[in-house]
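Remarks on the structure that follows.
The values are calculated or read from the model by the stated rules, or taken from the named source; none is laboratory data. Since this is a predicted model, take the numbers as computed values, not measurements. Note that we place each Cβ from the backbone using ideal geometry, even for glycine, and neighbour counts take in every protein chain shown.
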Amino acid sequence: MAITMTAKHQITIPKRIADALGLRKGVLFDITVSRDKIELTPLETIERVFTEEEYKKMDLLSREEKGKEMRPTKKFINNLKKGRV
């Protein structure tokens, strides 16, 4: 699944991913950058326990999207190295 960053450096989490993870407006994320990846982890004050059905939905979504990743451009990598991302 590909998403586009806006001119204000914002991205939108697709609805079906937000729904699968139970994300709502205002949720906070921890962000980790390593080499060519950005990882967003929702921060919650209460531990979330997923149902078997929720795990199945996330697994299906993961399998549907596997292989659709887009490679970062040289410009993106150079900006990352310079700390501009």
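Before moving on, here are some points about what is shown:
- Pairs with Cβ under 8 Å, 6+ apart, first in the range 65-84 and among the polar types (S, T, N, Q), second outside any helix (DSSP H, G or I): Asn79/Val85
- If the condition is being under 11 Å from the mean Cα position of the chain (by Cα), surrounded by 12 or more Cβ atoms within 10 Å (Cβ to Cβ) and either at positive phi or not aromatic (Phe, Trp, Tyr) (or both), then the range 22-39 contributes only Ile38.
- Take the conditions (1) without any contact (Cβ under 8 Å) to a residue 24 or more places away in the chain; (2) surrounded by fewer than 10 Cβ atoms within 10 Å (Cβ to Cβ); Pro14 misses just one of them, which is (2).
- Of all residues in the range 44-71, those that are modelled with pLDDT of 85 or more and surrounded by fewer than 10 Cβ atoms within 10 Å (Cβ to Cβ) total 4.
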